[in-house]
Amino acid sequence: MKIDILSLFPDIFSSVFEESIIKRAKELGKVEIRIVNFRDYSKDPHHKVDDTPYGGGQGMVLCCQPIFDCVNAIKTTESKVILLTPDGAVYKQSLAYDLSREKHLIIICGHYEGFDERIRTLVDLEVSIGDYILTGGEFASMVLVDSIVRLLPGVIKEESHLQESFHNNLLDYPVYTKPRVYEGLEVPEVLVNGDHKKIDEYRERMSVERTKKRRPDLWSEERYDEL
Ligand code: ADE
């Protein structure tokens, strides 16, 4: 997979993709990540990328030209163009799965003061990472990249995805490691007796209970029955 992140602040990304699983995915050739400064595409003599809003108002608005030219220069028939904005669709694990099947993602980092509305015509998808306002799309793009790259085949063990939170809309079950008793806190008996059928049942029950209690919005009896 190829990922192009369009940002005015490329230095923010200097080390985030150079650690841990993303680093390994790059080394394995599973993903190529490029940070593109769309200021480089500005035709303004001073490389300006924003201007005052028509109709008046606070702040500066990102202009169409640098972003249109940048996207059009790197886009191919295989590209999916994503705009990060707080008024986009709220990001979910199911979308991370869908995006992990794409060949080329172009992620446009918006700007806290806003962008020209016509930029929306360039994109396939508008995404928000949650109901709060960031200074720009940079941190949101890191969230997308991290959640997508770990799903690429061969990056982490496929079994790990089957067990983690949000798989089948269930939260994860609790896990424990040694020692068996820590400052009076005990590991549940069922996990240490070696009966794998009972362990599976316990884990499933805990996932269901936890989801119902903590995230009733995710829980669906009908969907669970279908699994
Ligand atoms: N830009 C500013 N806030 C954002 C958010 N919550 N999600 C995505 N992009 C953003």
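The values are calculated or read from the model by the stated rules, or taken from the named source; none is laboratory data. All values reported here derive from a predicted model rather than from experimental measurement. Heads up, the Cβs are rebuilt from the backbone with ideal geometry, glycines too, and the neighbour counts pull from every protein chain shown. SASA here: full protein model, heavy atoms, side chains in, ligands and nucleic acids out. Shrake-Rupley method; radii C 1.70, N 1.55, O 1.52, S 1.80 Å.
Full extension of the chain between ARG215 and ASP87 yields a length gain of 43.8 nm, computed as 0.36 nm times the residue separation minus the alpha carbon distance. Over the chain, DSSP H runs of length four or greater, each weighted -39,500 (n - 2.57), average out per residue to a 222 nm ellipticity of -9000 deg cm²/dmol.
Dipole magnitude for the range 133-227: computed about the Cα centre from +1 point charges on Lys and Arg Cβ and -1 point charges on Asp and Glu Cβ, it is near 220 debye. Under 5 Å from the amide H of PHE115 lie the amide H atoms of LEU62, each residue being 5 or more positions distant or on a separate chain, with H modelled from the backbone and absent for Pro and chain starts. Name the most mobile residue of GLY184, GLY194, GLY137, meaning the one with the largest mean-square fluctuation, in a Gaussian network model of the chain with Cα contacts below 10 Å. Taking springs between Cα atoms under 10 Å, the residue moving most is GLY184. Annotation for the range 13-98: GluC sites (Glu not before Pro) lying in DSSP loop with at most 16 further Cβ atoms inside 10 Å of their Cβ are GLU18, GLU19, GLU78.
Of the chymotrypsin sites (Phe, Trp or Tyr not before Pro) in the range 84-158, which ones lie in a loop per DSSP and count no more than 15 other C-beta atoms within 10 Å? Taking the range 84-158 and a limit of 15 other Cβ atoms within 10 Å, the loop chymotrypsin sites (Phe, Trp or Tyr not before Pro) found are TYR112, TYR132. With all protein chains present, how much of the accessible area of the range 108-172 (probe radius 1.4 Å) comes from carbon and sulfur, to the nearest whole percent? Roughly 53 percent, rounded to a whole number. Using Cβ point charges alone (K and R +1, D and E -1), the dipole size of the chain about the Cα centre works out to roughly 440 debye. Quick check: Cα centre of the range 97-149 to Cα centre of the range 30-86, how many Å? Centre-to-centre distance over Cα atoms comes out at 12 Å. Probing with 1.4 Å while keeping every protein chain in the model, the per residue accessible area of the chain equals 61 Å². Choose one answer from SER141, SER207, SER128: the residue with the largest mean-square fluctuation in a GNM of the chain with alpha-carbon springs under 10 Å. Of the options given, SER207 has the highest mean-square fluctuation. The phi torsions of the range 217-223, fed into the Karplus equation with coefficients 6.51, -1.76 and 1.60 and a -60° offset, translate into couplings of 5, 8, 6, 9, 4, 5, 4 Hz, rounded to whole numbers, with Gly and Pro shown as x.
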